[in-house]
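> Following this message is one structure expressed as structure tokens.
Derivation of every value follows stated rules applied to the coordinates shown; laboratory data play no part. This structure is a prediction, so every number in the text was calculated from the model and none was measured. With ideal geometry, Cβ positions are generated from the backbone for all residues, glycine too; neighbour counts draw on all protein chains shown.
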Amino acid sequence: MHPDKAKWDRIYTERQSAAPQPAEVLLQNRHLLPQQGIALDLACGLGANSLLLAEQGLEVHAWDISSVAIEQLDDQAQQRQCLIHAQVRDVKSAPPEALSLDVLVVTHFLVRDMAADLLAALKPGGLLFYQTYCRDKVFEQGPGNPDYLLKDNELLQLFAGLKVRVYREESLLGDHNQGWRNQSMLVAEKPSLF
């Protein structure tokens, strides 16, 4: 068994919380989603993003290494009468196929070596919604390992070939009690001729 699978199965088994909320990158920018198409929620966890995408009318695929998370997502999808193709999958060893997606959502997951695969997976005109934690934090939140934290403006560098539609990263500027802190978000579009 992959060590990440055991870790995340344990986390999702122990987690006793209210229903998960979709990522801010989707909540704030759902108006940019296409009316139809194929969407992938990569490393989906409990699938709050998947549920939002399905309710927007997209054909949704949700992948996570945790079978516990996928089972819980399947239960939620049935309760809400959403069709989601949820699958236990190690996304690092089996990334999405090239030119297969209209929408790709990645939240709280960072594997820099996958950036080229993620870019390739988008169809021309496809959208990437990405949100994860930064190294420059106002307070401790997210992973402690810097390998899983974004450097300043790193999302812009990782996905430099895309057209930026939305970007937000406030870092340590200004009044730390206001704004949206500790994370970076990007919505970007793959050019027609990539």
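> Using the Cα centre of the range 58-144 as the reference point, and only Cβ charges (+1 on K/R, -1 on D/E), how large is the resulting charge dipole? Debye, rounded to the nearest 20. Provide the component values of the computation, followed by the final result.
On the way: 7 positive and 12 negative charges, 51 e Å.
That gives a dipole near 240 debye.
> Using 0.36 nm per residue of separation minus the Cα-Cα distance, give me the extension gain between Lys137 and Asp152 in nm, one decimal. Write out the running numbers ahead of the final one.
Details: separation 15, 0.36 × 15 = 5.40 nm, distance 1.08 nm.
Roughly 4.3 nm would be gained on extension.
> Shape call for the range 34-136 from the C-alpha gyration tensor, a ≥ b ≥ c root eigenvalues: rounded (a/c under 1.5), prolate (a/b greater than b/c) or oblate?
oblate
> Next question. Any lysines with Cα under 17 Å of the Lys190 Cα? List them, leaving off those in the same chain fewer than 8 positions away.
Lys123, Lys163
> A further question on this structure: Which order do peptides 47-55, 22-30 fall in by mean Cβ count within 10 Å, highest first? Working shown, then result.
On the way: 47-55: 23.8, 22-30: 18.4.
Highest mean packing first, the order is 47-55, 22-30.
> Now for a different question. Looking at the square roots a ≥ b ≥ c of the eigenvalues of the Cα gyration tensor of the chain, which shape do they give, rounded for a/c under 1.5, prolate if a/b is larger than b/c, or oblate? Before the final figure, lay out each step's value.
Numbers: a/c = 1.40, a/b = 1.09, b/c = 1.28.
In terms of gyration-tensor shape, rounded.
> Dipole of the chain (Lys/Arg Cβ +1, Asp/Glu Cβ -1, origin at the Cα centre): which of Pro96, Val164, Leu118 lies farthest to the positive side?
Val164
> Next question, about the same structure. Rounded, prolate or oblate for the range 24-76? Axes are the square roots of the Cα gyration tensor eigenvalues, ordered a ≥ b ≥ c, and the cut-off for rounded is a/c under 1.5.
Values: a/c = 2.19, a/b = 1.81, b/c = 1.21.
Prolate, since a/c reaches 1.5 and a/b exceeds b/c.
> Once you list every other residue whose beta carbon is under 15 Å from the beta carbon of Ser93, what net charge do they have if Lys and Arg are +1 and Asp and Glu are -1? Write down the numbers at each step before the final one.
On the way: positive: Lys5, Arg89, Lys92; negative: Asp4, Asp64, Asp90, Glu97, Asp113, Asp117.
Residues close to Ser93 contribute a combined charge of -3.
> While we're looking at this one, here's another question. What is the magnitude of the charge dipole of the range 1-101 about its Cα centre, with +1 placed on the Cβ of each Lys and Arg, -1 on the Cβ of each Asp and Glu, and no other charges, expressed in debye to the nearest 20? Don't skip to the answer; put the middle values down first.
Numbers: 8 positive and 13 negative charges, 30 e Å.
It comes to approximately 140 debye.
> Rounded to the nearest 20 Debye, what is the dipole magnitude of the chain about its Cα centre when Lys and Arg each give +1 and Asp and Glu each give -1 at the C-beta?
On the way: 18 positive and 25 negative charges, 50 e Å.
In debye, rounded to 20, the chain gives about 240.
> Could you work out the helix-only [θ] at 222 nm for the chain, with each DSSP H run of four or more residues adding -39,500 (n - 2.57) and the total divided by the number of residues, to the nearest 500 deg cm²/dmol? Write out the running numbers ahead of the final one.
Details: 6 runs with 51 residues, N = 194.
So the calculated ellipticity at 222 nm is -7000 deg cm²/dmol.
> Which percent, nearest 5, of DSSP beta bridges in the chain are antiparallel? Present the calculation step by step, with values, prior to reporting the outcome.
Numbers: 12 of 33 bridges.
So the antiparallel bridges in the chain amount to around 35 percent.
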